[in-house]
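Working notes, beginning with the structure itself.
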Amino acid sequence: MTRNNPSDPKPGDEKPNSGNDAFNGLQMPPELMLDLARQAAELVVNRIENLPGENAWDGEFRQGLMKGLMKDPPEDGRSGAEVLEQAARDILPMTLRLDHPRSFAFIPTTPTWPGVLAEFMSAGYNINACTWLVASGPSQLELVVIDWFRRWMGYPESAGGLFTSGGSASSLDAFVAAREAAGHPERATVYMSDQSHHAFLRAAIIAGIRRECIRIVPSDKNYKLDMDALAQAVAEDREAGFNPVAICANGGTSNTGTVDPLEPMADYCEAESIWLHVDAAYGGFAVLTKKGKELLRGIERADSIGLDAHKWLFQPYEAGCLLVKDLSTLENAFQVHNDVLQDTIWGADHPNLADRGLQLSRSFRALKVWMSIQTFGIAAFRRAISNGMELAVQAEEYISASQVLEIANAVSLGIVCFRVNTGDAGMDEEDLEEINRNVLARIFWDDLSFISSTSLGGKFFLRLCIINHNTTWNDVHQTLEAIERFGRETFN
C-alpha cells in the first residue's frame, strides 16, 4: 500500500515552519543538524579508535559528579556543539567501557557500527514498533529477525516472539505466559537453580509468584541443576498443594557459562506437564557455532527461550528477545482490547507486537540486528563467537600450567573462573580470599584490564568473560600475567 507523501504541498497549506514561534524554538536548520551529527560521529569514532590504549574502566565519586552536573536547567539554550563536547568529556567516559578489548567483568560486549547507526536511524525516524498500523515496516522486519532466531534455536514454525529490553523483561514475559498457560492456579510455583540469574527471582515476584512459591534448586559439583533435587522438590510441592507452573534452565549461566542438562529437563517437564523456560540470554547465540550447538542441545524442546542480542550477537543495548514454541501462549497472556487502539487491529496476518509482551511503546530493536547481519554476513558472527570460546580455552590452559593460578572448573561458553593459589599448605580459605580480593583491587586500580569476581561453592574466585570480538590472545595473556604478578607480590 502506498500513499502520497504527506509533505507534498496542497492548496491552502501553510509552510512547514509557519505558526507558533514557540514550537520552532525546538527546531534546527538542516545545516546545523548535519554539523552536529558529524561532530557526534567523530567523537564516537575517535573514542572507539583510542579505546585499546585507555583503561577499561573510569569513574568518579558522586560528590565529584554532582559538582559538575547538579545545576538548574538553563532558561536559554547554549551551543549544541558545546553540549556534545561536555557529554563526551564529563559524562559518557565515566563508565565501565564494556567494549574495551580487556573488559572481562560481568558480561561485556562490543556493538557493531551498523548496529550503532541503526539506533541513530531508528531514533531519527521516531519509530514506535507497537502496532502494525503505526509501524508496518518495522513490525515486518522484527518478524523476519525473530524468524532467524527461531530457526537458529531449532524451533518449529508455530513458534514466535518479540524483542524486549533484555533478559529481565524476557523472563517476566515468560513467567506470565507460563502462569496463564497453566490456568493461573493458586499457589503457582516456579523452580530455578542456585546458579540462575537474579533476574529470574525479580521476574517471578513481579509476575505475581509469591515468595514462598519460588524454589531455589541446588546445583551439582559441575554447577548444573541437580535433577534429583528438582524432582524431589516438585513431588513434595504437589503433595503439599502447590502448583508447579515453570522450571527455569540455564543456557549458559552468567557465573560460569555452565549449561544445565537441557534434554533431561525437557523430558522431565514433558512428563510432568510443566513449562520449561531456558535463560539463554548470555549463551544462546553460541548455537551459531558447532561447539555451541552441541552444548545447547535440547534447547529446541523448551517452551520458551530468553536471548540477548546485546551480548553474544554484538548489538547496542537494548536488544533482548523472548521466543516461545507456541506463539498463541504469548498472545493469550498479553493481548488486550482498548478502544483508543481499535483502529490498529488489522487481523491475524498483521500482528501487533505489543500484544506479545508487557510494552506498548516499543523501540525498533530489530533494525540493528538486521543491519549488522546484512552488512557482515552470519559467517562473521560465527567466527566472532567461536573466537571468544577459543580464547577461553587458551586461558584455561594457561591457568592450568601456571604455578600461581588455579582453575575453578572446566570453562564453558567463554567464561573462565580461577584464583591465585600457590598451593601453600599454610593458607586457608580466608587467607586465599583476602589475597584474591587484593589482586582484584590491584587490577582495578593499576591495570588497563577490568575483571570481576564470583563465589563458587562458598569460595572466592576471579572471573573472566571473554566475548568481545576485538579481544585478542595478547589481551587475555597480558591480563593473566598481571594477575600472576600481583598474586606473587601479594603472597610475598
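Could you sort 170-177, 270-277 so that the peptide with the highest average Cβ count within 10 Å comes first and the rest follow in order?
Result, highest mean Cβ count within 10 Å first: 170-177, 270-277.
If I histogram all Cα-Cα distances within region 164-273 using bins 10 Å wide from 0, what percent of pairs lands in each bin?
15, 49, 33, 3
In region 152-214, carbon and sulfur make up what percent of the accessible area (probe 1.4 Å)?
Here carbon and sulfur together make up 49 percent of the probe-accessible area.
How charged is the neighbourhood of Pro218? Take every other residue with its Cβ under 11 Å from the Cβ of Pro218, and add Lys/Arg as +1 and Asp/Glu as -1.
Within the 11 Å Cβ shell, the charges total -1.
At 1.4 Å probe size, with the rest of the protein present, what percent of the exposed accessible area of region 83-124 is carbon and sulfur atoms?
About 72 percent, which is the carbon plus sulfur part of the accessible surface.
Can you give me the % of accessible surface on region 248-314 that is carbon or sulfur? Probe 1.4 Å, all protein chains present, nothing else counted.
Here it works out to 49 percent.
Using helices alone, what [θ] at 222 nm do you get for the chain, with -39,500 (n - 2.57) per DSSP H run of 4 or more residues, divided over all residues and rounded to the nearest 500?
Only helices count here, giving -13000 deg cm²/dmol.
Can you sort Glu142, Glu82, Glu263 by solvent-accessible area, 1.4 Å probe, largest first?
Glu82, Glu263, Glu142
Assuming a ≥ b ≥ c are the square roots of the Cα gyration tensor eigenvalues, decide whether region 369-467 counts as rounded (a/c under 1.5), prolate (otherwise, with a/b larger than b/c) or oblate.
Because a/c hits 1.5 or more and a/b exceeds b/c, region 369-467 counts as prolate.
Which value in Å does the Kirkwood hydrodynamic radius of region 68-141 take, with 1/r averaged over all unlike C-alpha pairs and then inverted?
Radius from the Kirkwood sum: 16.2 Å.
Taking the Cα centre of region 48-105 as origin and charging only Cβ (+1 Lys, Arg; -1 Asp, Glu), how large is the dipole, in debye to the nearest 20?
Roughly 260 debye for region 48-105.
Let me know the charge dipole size of region 373-451 about its Cα centre in debye, to the nearest 20, where only the beta-carbon of Lys, Arg (+1) and Asp, Glu (-1) is charged.
Its charge dipole is roughly 720 debye.
Once you list every other residue whose beta carbon is under 13 Å from the beta carbon of His310, what net charge do they have if Lys and Arg are +1 and Asp and Glu are -1?
Its environment carries a net charge of -1.
Which helices, taking whole DSSP H runs in the chain, have alpha carbons extending 20 angstrom or more along the helix axis plus mean Kyte-Doolittle at least -1.0?
Span-like helices here: 30-50, 136-153, 167-181, 378-401, 429-446, 473-491.
Let me check something: with ligands and nucleic acids excluded, how do Leu117, Leu367 order by accessible area (1.4 Å probe), largest to smallest?
Leu117, Leu367
With Kirkwood radius over Cα pairs in Å in mind, check (1) 24.1; (2) 25.0; (3) 32.1 and report the label derived from this structure.
Label of the calculated value: (2).
If you roll a 1.4 Å probe over the heavy atoms of the protein chains, what accessible area per residue do you get for region 308-467, in Å²?
44
I'd like the accessible area for Asp237, computed on protein heavy atoms only with a 1.4 Å probe and all protein chains in place. Round to 10 Å², please.
Rounded to the nearest 10, the figure is 10 Å².
Heavy-atom accessible area per residue, region 152-238, 1.4 Å probe: how many Å²?
On a per-residue basis, 44 Å².
Please give the charge dipole size of the chain, origin at the Cα centre, charges +1 on K and R Cβ atoms and -1 on D and E Cβ atoms. Round to the nearest 20 debye.
With only Lys, Arg, Asp and Glu charged at Cβ, the dipole is about 600 debye.
In the chain, how many lysine pairs have Cα atoms under 28 Å apart, counting only pairs 8 or more places apart or on different chains?
24
The values are calculated or read from the model by the stated rules, or taken from the named source; none is laboratory data. Just so you know, these numbers come straight off a predicted model, no measurement behind them. Quick reminder, even Gly has a Cβ in these numbers, built from the backbone with ideal geometry, and neighbours come from all protein chains shown. Ligands, DNA and RNA are stripped out before the accessible areas are found, and what is left, the full protein with its side chains, is counted by its heavy atoms. Shrake-Rupley method; radii C 1.70, N 1.55, O 1.52, S 1.80 Å.
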